[in-house]
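Here's the structure, in structure tokens; my notes come after.
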Amino acid sequence: MLNRLTVSALLKAVIFATSFCLVVGFSLNAWDAWGRLQAASRIAQIADASANMFKAMHNLRTDRSTTNRLLNGDAPMDADIEKYLRNIRDTEMPAMNNALGLLGGIEFAQQATLVPEFDRLLKTLTALQKEFWEAMGKPKADRKPTLAKEYMETTAAMLATLDKLSGTLAAAVNHQDATIDQLLAIKQIAWLVRNTGGEASLIVSNALGAGKVAPETRVAFTKFNGGADAAWSALELTASGMQLPPAISSAMAATKTAYFEPQYLSLRERLLTQIASGEKAEMTANQWTPITVGRLSAAVGVAEPALDAAKDKLANLEAVYGHTDPKNEKNDTIGTLQASEIAADNLHRFNLTDRAPRYRVKDTDWGTMYTAYRPAGNGQVYHRFSHFIFPFITLPPDGTFADHIQAGLWVPMDDTHTMVFTFFWTERTAALRQLKDGSPIPGSVSPMEFLPNGSGWYDRWRLKANLDNDYQIDRAIQERGTYSGIQGLVAQDQAVTESMGEVVDRSREHLAPSDRMITMTRRRLLNAARELRDHGTAPPGVDRPEVFRRARAGAFLAPESQDWHEAYLENLERIIGPSWPRAAE
């Protein structure tokens, strides 16, 4: 008996130990995968922040020299220079606001000191820019005497802070992925090329404005030119031996031509020589600035595709670790549906061939946009574009890009109720709704049946499928087809939204890489609200409604070698829509 008990106990102990080891092993693997996902997501956030800071630094350098020259000059600002400067600031300020929003959610060395300093400088710069526009409407004698000095000091401090932040962020992800390291190094060196080339260009601008140049300034000019040469050599060395994406290779070739073209170098040298010898220069500072900034902008063309390539690399990692996006791709609807059940000529079947899309997200003049993209074979990529448009409009991706005209207007009634208006072109191409035998995809049909109207504030346009009846969930359909068991996309989305409660504590969220569109849109809305509250700046589209014409959602195929945004702009030129009758003249 004792032996049998002992053996039984031993067997149980072995089984328990084996089970424990398996559970621990699975848990460690899951924890490791989660850790890699979190690391990839963190690097992606850093890449986004770096891209915004690079864009800001590039434009801020031009902004400060132009602003200083205008404030210290006697001549009024002409229309071309005003437009030029406004375009620069319309780029740099949103980029800095976006970077600031991203940095608040990233842990890195010196975050506690650098981010508050960045925030302080951004507020100071915003106030100074407002003061600048007011000052330019006055004669020079009536302007604040110290305004130019304050602007130069603030922009210099901002550039130094952004440069330090950029370097600190790159160091924070160093040695986690060799390819990412190399791509971020290319970005950093591209800024070094832009910065040193910009200092040389600034010397020419200042000399043209002042009409003189000191001997030590010529020495500094030579030093900065040598620095740009050395930085370019370092950039080529970093990129050597690496299989560069075509966008980076072509950008590097364009930058080399722009920076080191003999005619440009000759013009720069000639202008300084003319001023040093007391001759009249062949152009003014305002004429020189657009020429040289156009050349210096080429370095942005190297940094941006390097960061894009880093994001693509991270997107692949996230697709492996994060696997899928349950929100935008409607996996709750398509459930167990297979591509073989869809007609071979249906463009949208690629939703089913790869359920782990990669994402690209971008701020736009009208709000935000994203594409979820997948390989489609034969060297092509399947893109699905969607947009958020100020103040509360969404363009869903569920259709064919060329004729997909559909918009949802989510109008707030109060803090807990929203009225939704949906507009669409009835002749648009049908989205993924039918099987190849012509029958509807289970769960995709939207019955849109409403309850009878009542007399209360919220007693109209209420769906029959609602929280009180579990959205008429069908367990049989849930078991054999869709994951939700709820009929129709609207009811499915409403079920997910309402089940979270009326007001959600967002601080408890665990956002995934596929949530970038959500986080970017939230930042854009918050920044617009603060700008309106603090500075009276109208939100996007209020004064320029024509920008909304550039927003179109839907799906299309594009060459995998083509930049995603270039593909969007190219397809935008081929869109169609209804022909509106013209009023009689």
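Quick notes on this one:
- Amide proton proximity set for T429, modelled H, under 5 Å, gap of 5+: T400, D403
- Model label zone, W457; criterion: amide N under 17 Å from point 7 Å along Cα-to-beta-carbon; scope the range 381-417: 411-417
- Partner aspartates and glutamates for K187 [C-alpha distance under 17 Å; skip if fewer than 8 residues away on the same chain]: D48, D163, D177, D229, E236, E304, D308, D312
- Long pairs among K130/K280; K140/K362; K83/K140; K138/K362; K130/K362; K123/K164, criterion Cα-Cα beyond 30 Å: K130/K280; K140/K362; K138/K362
- Highest average packing first - 126-132, 465-471, 277-283, 382-388, Cβ atoms within 10 Å: 382-388, 126-132, 465-471, 277-283
- Phi angles of the range 186-198 translate, via the Karplus equation with coefficients 6.51, -1.76, 1.60 and θ = phi - 60°, into HN-Hα couplings of 4, 4, 5, 6, 4, 5, 4, 4, 5, 5, 5, x, x Hz per residue; Gly and Pro are given as x.
- As a length-normalised measure over Cα pairs under 8 Å and 6 or more apart, the relative contact order of the range 339-486 settles at 13 percent.
- Spin-label pair F450-L409: with each label point 7 Å from Cα along the Cα-Cβ axis, the two points sit 1.5 nm from one another.
- Available extension along the chain between S277 and D229 is 14.6 nm, counting 0.36 nm per residue and deducting the alpha carbon span.
- Karplus 3J(HN,Hα) series, Hz, for the range 423-429 with 6.51 cos²θ - 1.76 cosθ + 1.60 (x for Gly, Pro): 10, 7, 7, 5, 9, 5, 5
- For the range 332-429, projected area of the alpha-carbon convex hull averaged over all directions, nm²: 8.3
- Amide H contacts of I441 (H built 1.01 Å from N, under 5 Å, at least 5 apart or other chain): Q434, L435
No lab work stands behind these numbers, since they all come straight from the coordinates. Quick caveat: nothing in here was measured; it's all calculated off a predicted structure. When we count neighbours, we look across all protein chains shown, and the Cβ atoms used for this are built from the backbone with ideal geometry, even at glycine.
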